[in-house]
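For reference, the structure is listed below as structure tokens.
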Amino acid sequence: MKAFEYAAPSTKEQAVALLGDRWEEAAILAGGTDLLSCMKDNLMAPSRVVDIKGLRDLGGIEYNPQSGLRLGALVTFEQLREHPQVLSRYPGIVQAVEGVTSAQIRNRGSVGGDLNQRPRCWYYRNGFGLLAKDEQGRSLVVDGENRYHAILGNEGPAYFVNPSSLAPVLIALGARVRLFGPKGGRELPLEKFFTIPKTDSEHENVLQPNEILTEVLIPAGSWQTATYEVRQKEALDWPLAAASVALKLGGAQVQEARVVLGHVAPIPWRVPEAEKILTRKTITEEIAMEAGKAAVGQARPLSQNGYKVQLARVAVKRALLRAVQGGA
Amino acid sequence: MRDQKNKPTSDKRKRGISRRKFLKGVGLGSGVLSSGILGGPLLPEASAVAQAAEVEVAGPTPAPIELTVNGQRKNLRLEPRVTLLEALRDWLDMTGAKKVCDRATCGACTVILDGQPVYSCSVLAIESQGKNIQTVESLAQGDSLHPLQAAFVENDAQQCGFCTPGFVVAAKAFLDKYPNPTREQARLGLGGNLCRCGTYAGIWKAVLEAATGRRDSQRGIGQGGGSNA
């Protein structure tokens, strides 16, 4: 790990002033569970690390039936998991949190860190770049070891999958994120936060080098939520495929549905095709299966990851059934 | 005046221009040159400079760091890049926590930070200041093992033993939080630790036995036992 300067500001204005205009200048440290690994592997070598854990207004979980749920970026996975109102009203969030099966990670890992963690693509993690190309500029993924790569949104040159645990369920709940930079704050839907990079200089989200993700806002509304992850092993790992759903029910009938896939595309993948099928229906196993099928209708697997199509389809079905059974 | 500060000459730096003043220049740069795609009110440059100047910056050379390890204060001079695990092992000669994956995955480096188990490989020493750091070295009292350690021995909960200190510390933190676990809860609760020898069955048994022992001893003392639920 390259030597760096360390600063622990106490206000977000100070923090932003300490960040640089280029990614190499400074990195934001929250829980550090991903950042320090990236720095040890030389994927990032910032000259300065800005520890934001002292920024008080970046913490806290607040629930209000009128305004909804506000999560500070520094809220840890364990805090989410233990919050009474998150537990009772947002089981889909808790299920996503519990997919992280390590207490050590849940104690340090934060909401902001989860949304900003770098992809797990093994080409990227081994220094071949986010777009994983050889010297001639050809993708290493397409003809390479792509069993964990994208099956949707994979027209190239990006083939990695978004690694966030929380993004699918937060997008299903219509979450917005607040970013703070040198010119003040901006707010945007979380769905628009993530982007598919087209060039080497682009990142996988819209955050600028001198900006901080400060909070996540979930609008008020009565949604039934669920998350279902398919993982290779029970111990700490990222899912092979995941689905989060949010349903607004009128009696047994679905008024509005949101279905978002995780770990199958370079961004959390919302599937209006599946949502359309669910509208004005009562969720039965048959309807849930139909929605799952629609969710992967556009999937174009690579040479080794066809199996993920089936996993994603089943994840949607099981998340839907879990949501209407109300079970956490 | 501002221009001068913005471009500290190498002479000035050699004479020891303070980190704080150097930062003023950097802070101004990031305030002025940023890409300008944001909406919202402009933070006045002078204010950005002042903001950055208020913050002390440590490193990259060694900086004084005070850690509280098992109740004892330790004063060190460390580069900010030194992890808590490296500080414990390489500077404080506390080699109980092990460096295995060094990537927040295996759990061999687990320590308890303010009551919570964490991977010490992925926490910087400098950010652990002011926190109560508890390591596996704190558990045994002289030659007398902590009941959890004794239960690991009794239940053959190790083979090569390299993961054991991390498991014991993670199990201690787990039982402090969930004193009455089921086997399934113990299994999930220790999901952040790996044993490549595969001694999980013994580990879960040891954890459950330690939990039972704790309940029994509480009853023995007449503290009203079974109050763990």
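The values are calculated or read from the model by the stated rules, or taken from the named source; none is laboratory data. Being a predicted model, the structure only gives us computed values, none of them experimental. Every residue, glycine as well, gets a Cβ built from its backbone with ideal geometry; the counts of neighbours run over all protein chains shown.
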Original post:
Out of the residues in the range B:176-201 that are farther than 20 Å from A:Glu234 by Cα and among the charged types (D, E, K, R), which is nearest to the other protein chains (Cβ to nearest Cβ)?
Top reply: B:Lys177
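Quick grid of which residues meet (1) at positive phi; (2) at pLDDT 95 or above; (3) away from every other protein chain (no Cβ under 14 Å); (4) in contact with a strand residue (DSSP E or B) (Cβ under 9 Å, 6 or more places away or on another chain):
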| site | (1), (2), (3), (4) |
| --- | --- |
| B:Thr110 | no, yes, no, yes |
| B:Tyr119 | no, yes, no, yes |
| B:Val123 | no, yes, no, yes |
| B:Gly130 | yes, yes, no, yes |
| B:Phe167 | no, yes, no, yes |
| B:Phe174 | no, yes, no, yes |
| B:Gly213 | no, no, yes, no |
**OP:** Have a look at A:Gly68, A:Gly60, A:Gly32 and point out the one that is out of contact with any strand residue (DSSP E or B) (no Cβ under 6 Å at 6 or more places or on another chain) and at positive phi.
**Re:** A:Gly32
**OP:** Mind listing just one residue for me: the one in the range B:85-95 that is touching a strand residue (DSSP E or B) at 6+ places or on another chain (Cβ under 9 Å) and more than 14 Å from chain A (Cβ to nearest Cβ) and, of those, surrounded by the fewest Cβ atoms within 10 Å (Cβ to Cβ)?
**Re:** B:Trp91
Subject >> Scope the range A:39-78; condition within 20 Å of the chain's Cα centre (by Cα), among the hydrophobic types (A, V, I, L, M, F, W, C) and surrounded by fewer than 16 Cβ atoms within 10 Å (Cβ to Cβ); matching residues >> reply: none
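Okay, residues lined up against (1) over 19 Å from A:Thr76 (Cα atoms); (2) assigned by TED's automatic domain parsing to the domain that holds B:Ala97; (3) in contact with a His (Cβ under 8 Å, 6 or more places away or on another chain); (4) in a loop (DSSP other than H, G, I, E, B):
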{"site": "B:Glu127", "(1), (2), (3), (4)": "no, yes, no, no"}
{"site": "B:Gly130", "(1), (2), (3), (4)": "yes, yes, no, yes"}
{"site": "B:Leu148", "(1), (2), (3), (4)": "yes, no, no, no"}
{"site": "B:Val153", "(1), (2), (3), (4)": "yes, no, no, no"}
{"site": "B:Ala157", "(1), (2), (3), (4)": "yes, no, no, yes"}
{"site": "B:Phe162", "(1), (2), (3), (4)": "yes, no, no, yes"}
{"site": "B:Pro165", "(1), (2), (3), (4)": "yes, no, no, no"}
Original post:
If B:Cys197 passes every condition in (1) surrounded by fewer than 15 Cβ atoms within 10 Å (Cβ to Cβ); (2) assigned to a helix (DSSP H, G or I); (3) hydrophobic (A, V, I, L, M, F, W, C) but one, which one does it miss?
Top reply: (2)
**OP:** Would you be able to tell me the number of residues in the range B:68-84 that are buried (at least 23 other Cβ atoms within 10 Å of the Cβ) and under 20 Å from B:Leu139 (Cβ atoms)?
**Re:** 1
**OP:** Restrict the check to the range B:68-82 and report whether at least one residue is in contact with a strand residue (DSSP E or B) (Cβ under 9 Å, 6 or more places away or on another chain), among the β-branched types (Val, Ile, Thr) and more than 10 Å from chain A (Cβ to nearest Cβ).
**Re:** yes
Original post:
When A:Gln104 is evaluated against the numbered criteria (1) within 14 Å of chain B (Cβ to nearest Cβ); (2) within 17 Å of the chain's Cα centre (by Cα); (3) outside any loop (DSSP other than H, G, I, E, B); (4) not hydroxyl-bearing (Ser, Thr, Tyr), which criterion, by number, is the only one it fails?
Top reply: (2)
Original post:
Counting only residues that are surrounded by 21 or more Cβ atoms within 10 Å (Cβ to Cβ) and touching a residue at least 24 places away in the same chain (Cβ under 8 Å), which one in the range B:135-154 is farthest from B:Thr199 (Cα to Cα)?
Top reply: B:Thr135
**OP:** Restricting attention to the range A:306-328, report how many residues are modelled with pLDDT of 95 or more and not in a helix (DSSP H, G or I).
**Re:** 1
**OP:** Taking only the range B:197-213 into account, find how many residues are in contact with a Gly (Cβ under 9 Å, 6 or more places away or on another chain) and not aliphatic (A, V, I, L, M).
**Re:** 1
Subject >> strands (runs of 3 or more DSSP E) contained in the range A:1-86 and holding at least 3 residues more than 26 Å from A:Ser222 (Cβ to Cβ) and more than 8 Å from every other protein chain (Cβ to nearest Cβ) >> reply: A:26-29
**OP:** Give the residue, chosen from B:Ala140, B:Ala157, that is away from every other protein chain (no Cβ under 14 Å), among the small types (Gly, Ala, Ser) and farther than 27 Å from B:Gln72 by Cβ.
**Re:** B:Ala157
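Of all residues in the range A:208-223, which are out of contact with any Ser or Thr (no Cβ under 7 Å at 6 or more places or on another chain) and crowded, with 21+ Cβ neighbours inside 10 Å?
Matches in the range A:208-223: A:Glu211, A:Ile212, A:Leu213, A:Thr214, A:Glu215, A:Val216, A:Ile218, A:Trp223.
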Original post:
How about the range A:256-305: which of its residues are crowded, with 18+ Cβ neighbours inside 10 Å, in a loop (DSSP other than H, G, I, E, B) and not aliphatic (A, V, I, L, M)?
Top reply: A:His263, A:Pro266, A:Pro268, A:Pro301, A:Asn305
